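The structure under discussion appears below in the form of structure tokens.
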Amino acid sequence: MKKLLFGVFALATLTACNTTTDSTENIADLGNAKASRKYCPSEEIRTELLKNDASAKARYAALEAGTEKFIQARKAGRVLADGTIEIPVVFNVLYRTTAENISDARLAEQIDVLNKDFGATNSDINKIPSEFSTVAAGDTKIKFRLVKTVRKSTTVRSWKTNDAMKKSSSKGIDATDPKQYFNIWVVGNMSSILGYATFPESAGLWNDGVVLAAPFVGVTGASAPYNLGRTATHEVGHYLNLRHIWGDATCGNDFVADTPTQTGSNGGSPTYPLYNTCGGVQRSVMFMNYMDYVYDSAMFMFSAGQRDRMQAIVAAGGVRAGLRNL
């Protein structure tokens with residue numbers, strides 16, 4: 001069982017999340033890019049932020065302390081369910097071609113995927129192995145509601161992870177009040193990257209939110225094998241304070257007690273059971289978790305511990321509590 005160790009700040013030692021058993025997929029793309037869930041830079045971007053920004057590091061320490069306090073209070077029966085929290089979403093669509101200007105229907109489809117995945121009503125939830133069914137999250141009590149779509153034509157052919165898409169001054173779109181709205185930027189192409197997110201220590205800042213490459217948004221017309229809308233599910237998990245399930249290190253710590261420790265990321269469509277050995281103990285790993293790197297069709301669950309971490313962020317007093325006030 002993994003335990004959160006306060007007072008030890010080890011983020012600077014996290015490795016880049018680019019190790020996986022998956023092979024590079026030559027999928028349908030925009031701009032002839034080969035995109036794969038071999039590299040989600042969210043944690044790497046966070047590590048760089050915390051290394052260079054003392055205030056962000058302090059916010060990180062505070063939110064982790066608050067998260068642990070919430071989880072312990074919940075275990076002790078002092079936190080009662082207060083109903084489902086509905087997060088208002090703004091899509092910011094940047095497009096160079098007609099194909100990149102994805103339809104309202106596809107954006108609505110993506111919201112539907114998020115609500116099913118976070119509500120445990122996804123059609124493939126019955127695939128959870130019995131071994132992990134006892135720790136499956138069930139309904140996280142977090143929902144998403146699309147309130148606005150902003151569209152802008154651009155001449156940019158490919159976007160990077162420098163947040164340029166989040167500023168009108170760099171041909172992007174400024175966020176709609178990120179203290180009260182969850183902003184998702186959809187861009188035509190990010191080369192090999194499917195998407196990335198900011199973590200809660202960035203709550204309310206100008207760049208707060210999730211970025212998704214257009215080919216992997218929604219279901220209809222999306223590019224296989226990432227064509228079930230789960231790039232968004234994965235990145236929204238980061239936005240709500242979930243780490244990659246392997247802790248971005250060999251046998252790393254994701255700060256969740258009920259996700260088995262694993263040697264690294266998994267890709268493709270693994271066959272259950274899949275065993276890893278960490279600390280001399282062989283375990284069956286939860287590769288079907290949304291926070292691993294497997295294909296969309298191979299991921300279909302959050303754990304109860306992950307649910308608690310996310311609820312701590314949006315609960316009253318949480319750093320994203322402002323999202324629940326609309």
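The values are calculated or read from the model by the stated rules, or taken from the named source; none is laboratory data. All values reported here derive from a predicted model rather than from experimental measurement. Cβ: placed from backbone, ideal geometry, glycine included. Neighbour counts: every protein chain shown. SASA here: full protein model, heavy atoms, side chains in, ligands and nucleic acids out. Shrake-Rupley method; radii C 1.70, N 1.55, O 1.52, S 1.80 Å.
Numbers at a glance
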{"quantity": "Length added when fully stretched, Thr97-Lys179, from 0.36 nm per residue minus Cα-Cα", "calculated": "26.4 nm"}
{"quantity": "Solvent-accessible surface ranking, highest first, for Val281, Val186 at 1.4 angstrom", "calculated": "Val281, Val186"}
{"quantity": "In nm, spacing of pseudo-spin labels at Lys143 and Asp112 (7 Å Cα→C-beta vector)", "calculated": "1.6"}
{"quantity": "Accessible area (Å², per residue) of region 69-178, counting only protein heavy atoms and a probe of 1.4 Å", "calculated": "52"}
{"quantity": "Size of charge dipole - region 245-326 - debye, nearest 20, with Cβ of Lys, Arg +1 and Asp, Glu -1, no other charges", "calculated": "240"}
{"quantity": "Signed unit charges on C-beta, dipole axis of region 162-215, positive-most listed residue Pro178, Ser202, Met165", "calculated": "Met165"}
{"quantity": "Placed amide H near Val186: partners under 5 Å, 5+ positions off or other chain", "calculated": "Asn92, Val93, Leu94, Leu212"}
{"quantity": "Dimensions (Å) - region 93-193, Cα atoms, principal axes, largest first", "calculated": "50, 30, 27"}
{"quantity": "Entry for semi-axes √(5λ) of the Cα gyration tensor in Å (calculated from the structure that is shown) out of (i) 43, 20, 18; (ii) 28, 23, 20; (iii) 32, 22, 19", "calculated": "(ii)"}
{"quantity": "In Å², nearest 10: area of Cys278 left accessible to a 1.4 Å probe", "calculated": "10"}
{"quantity": "Protein accessible area in the chain, 1.4 Å probe - carbon and sulfur %", "calculated": "52"}
{"quantity": "Cross-link table Lys34/Lys160; Lys38/Lys171; Lys38/Lys141; Lys38/Lys160; Lys69/Lys141, entries beyond 21 Å C-alpha to C-alpha", "calculated": "Lys38/Lys171; Lys38/Lys141"}
{"quantity": "Surface accessible to a 1.4 Å probe, per residue, for the residues of region 188-243, Å²", "calculated": "18"}
{"quantity": "Exceeding the 30 Å Cα-Cα cut-off - candidates Lys57/Lys127; Lys51/Lys143; Lys116/Lys179; Lys51/Lys179", "calculated": "Lys57/Lys127; Lys51/Lys143"}
{"quantity": "Debye, to nearest 20: dipole size of the chain, +1 on Lys, Arg Cβ, -1 on Asp, Glu Cβ", "calculated": "540"}
